[in-house]
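**Student:** Sharing a structure, written as structure tokens. Questions coming.
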Amino acid sequence: MFKIVKKENTLLLAVIMFITIFSTSFFNTSVASAAQDTIVDDQNASYYFFKGGDARYWKTGTCSLCVNGSYTYTGNTTSTVGNYAYWYYRGFTTEVVDLLANIPNAIGANTTNATYFVTGYGTGYSVNQKAIGGYTRFATNRTINPGGYVELRDRTGEPSGTTNIGFDSMFFNGIK
Ligand SMILES: [Ca+2]
Ligand SMILES: [Ca+2]
């Protein structure tokens, strides 16, 4: 009788350990926890990187500094937004972060006025993509909520059709 009980306990313990290990690894890979750094690339599924506007004007290029080897770009407009894209924050908690955009070292990222907006309208952050290759920190100490995003539009103020706006990865850098 004692032996049977012991076997059952061992089996129960094994099952509990399996569930614990499985659930821990499952949640670790699927949830961006508090203050965890999160990178969203243009090659991520549309759930995290969303492209809007006329699909004909979206192009793909390659560059040595690009995350996953490639990036997305579109031609600029002077005053009317034609194309735009969102990088969605993947965390489930409100965080204060620094925001860094990876700027492709390529012809598709040569506008001098790429303006990044954080979750809706407000003051944008202008980045000279022509002068930069690699990650650039364009905003610090920004509060970002679950469902929040960074948006970049093709309206640059430059003469229409003279420059390109590059879209690669967005780094939500936890700074707690
Ligand atoms: Ca990329
Ligand atoms: Ca465009």
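**Student:** State all residues of segment 150-176 that are within 16 Å of ligand 1 (Cβ to nearest atom) and not aromatic (F, W, Y); if no residue qualifies, say none.
**Tutor:** Answer for segment 150-176, where residues must be within 16 Å of ligand 1 (Cβ to nearest atom) and not aromatic (F, W, Y): V150, L152, N164, I165, G166, D168, S169, M170.
**Student:** For the list (1) assigned to a loop (DSSP other than H, G, I, E, B); (2) within 16 Å of ligand 1 (Cβ to nearest atom), I need the number of the one condition that G122 fails.
**Tutor:** It is condition (2) that G122 fails.
**Student:** Sticking with this structure for a sec: Would you check if A101 is away from ligand 2 (no atom under 14 Å from the Cβ), in contact (Cβ under 8 Å) with a residue 12 or more places away in the chain, hydrophobic (A, V, I, L, M, F, W, C) and not in a loop (DSSP other than H, G, I, E, B)?
**Tutor:** yes
**Student:** Another one. How many residues, within segment 141-176, are over 13 Å from the mean Cα position of the chain (by Cα), at pLDDT below 95 and either among the hydrophobic types (A, V, I, L, M, F, W, C) or within 12 Å of ligand 2 (Cβ to nearest atom) (or both)?
**Tutor:** Adding up the residues that qualify gives 1.
**Student:** Let me ask something additional. Filter segment 114-135 for residues that are farther than 20 Å from N44 by Cβ, of a type outside the set (G, A, S) and touching a residue at least 12 places away in the same chain (Cβ under 8 Å); which is surrounded by the most Cβ atoms within 10 Å (Cβ to Cβ)?
**Tutor:** So, considering only residues that are farther than 20 Å from N44 by Cβ, of a type outside the set (G, A, S) and touching a residue at least 12 places away in the same chain (Cβ under 8 Å), the one surrounded by the most Cβ atoms within 10 Å (Cβ to Cβ) is Q129.
**Student:** Okay, moving on. Of the conditions (1) within 25 Å of G161 (Cα to Cα); (2) assigned to a loop (DSSP other than H, G, I, E, B); (3) within 13 Å of ligand 1 (Cβ to nearest atom), K51 satisfies every one except a single condition; which number is it?
**Tutor:** The failed condition is (2).
**Student:** Which one is farthest from the chain's Cα centre (by Cα), of the residues in segment 67-85 that are within 16 Å of ligand 1 (Cβ to nearest atom) and buried (at least 21 other Cβ atoms within 10 Å of the Cβ)?
**Tutor:** Once the filter is applied, the top-ranked residue is T74.
The values are calculated or read from the model by the stated rules, or taken from the named source; none is laboratory data. Since we're looking at a predicted model, the values are computed, not measured. Here the Cβ is made from the backbone with ideal geometry for all residues, glycine too, and neighbour counts use every protein chain on show.
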